[in-house]
1. How far is helix 101-123 tilted off the main Cα axis of the chain, in degrees rounded to 10, range 0 to 90?
2. Give me the percent of Cα-Cα pairs in the range 83-136 that sit more than 15 Å apart, rounded to a whole number.
3. Would you kindly give the portion of the calculated P(r) for the chain that falls above 27 Å, as a percent of all Cα pairs?
4. Compare the peptides 10-22, 67-79, 122-134 by average per-residue count of other Cβ atoms within 10 angstrom and give them in order, highest first.
5. How high is the relative contact order of the chain, given as a whole-number percent (alpha carbon pairs under 8 Å, six or more residues apart)?
6. Just to be sure I understand the model, the point goes 7 Å from the Cα along the line to the Cβ. What's the resulting residue 89 to residue 6 distance in nm?
7. Report the full-extension gain for the segment residue 18 to residue 39: residue separation times 0.36 nm, less the Cα-Cα distance, to one decimal in nm.
8. Between residue 28 and residue 115, what is the spin-label point distance in nm, taking each point 7 Å from the Cα along the Cα→C-beta axis?
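Please treat every number below as a calculation from the coordinates, not as lab data. Values in this document were obtained by computation on a predicted structure and should not be read as measured data. All Cβ positions, glycine included, derive from the backbone under ideal geometry; neighbour counts span all protein chains shown.
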Ligand code: HEM
């Protein structure tokens, strides 16, 4: 008999941990993203703990995350606008693997908004086209 792959149908702290763990496993296996993360992060558990708190604040409005993501990303060596597409694609894939469609979509909407605001904060210049043109 075929077992249906039951998708998670609610957002809880536990389910956020599963999402974050699974997402960063994919990030660490990604040719483009891994080097940036591995250069910035020595000890992964504190980063994962921060990301549990971040998504808990975003999705469950717990206020557990305190920090300033923009400043952290602004100073990341090697960060480029196109990498956000890749980040989002991996994040969406992870959401869809774990959660039902509605919850997966709710995560994706938030991730896209935050990614856009990070990109604006990092790369927007009033005298240049937006979205940025990839370097020729
Ligand atoms: C190209 C895309 C991205 C890259 C390469 C990237 C990379 C990183 C790295 C290396 C760190 C650790 C920085 C450090 O500890 O010094 C970090 C932290 C973080 N990232 Fe990203 N990130 C990306 C996109 C995003 C997006 C789209 C979000 C949110 C939806 C996000 C949320 C965060 C948060 C909340 C932290 C913790 C900041 C803190 O220390 O308080 N990142 N990111």
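1. 20
2. When all Cα pairs of the range 83-136 are counted, 54 percent exceed 15 Å.
3. Roughly 22 percent, rounded to a whole number.
4. Final packing ranking: 10-22, 67-79, 122-134.
5. Computed value for the chain: 30 percent relative contact order.
6. 3.3
7. That pair, residue 18 and residue 39, stretches by 5.2 nm at full extension.
8. In this crude spin-label approximation the distance works out to 2.2 nm.
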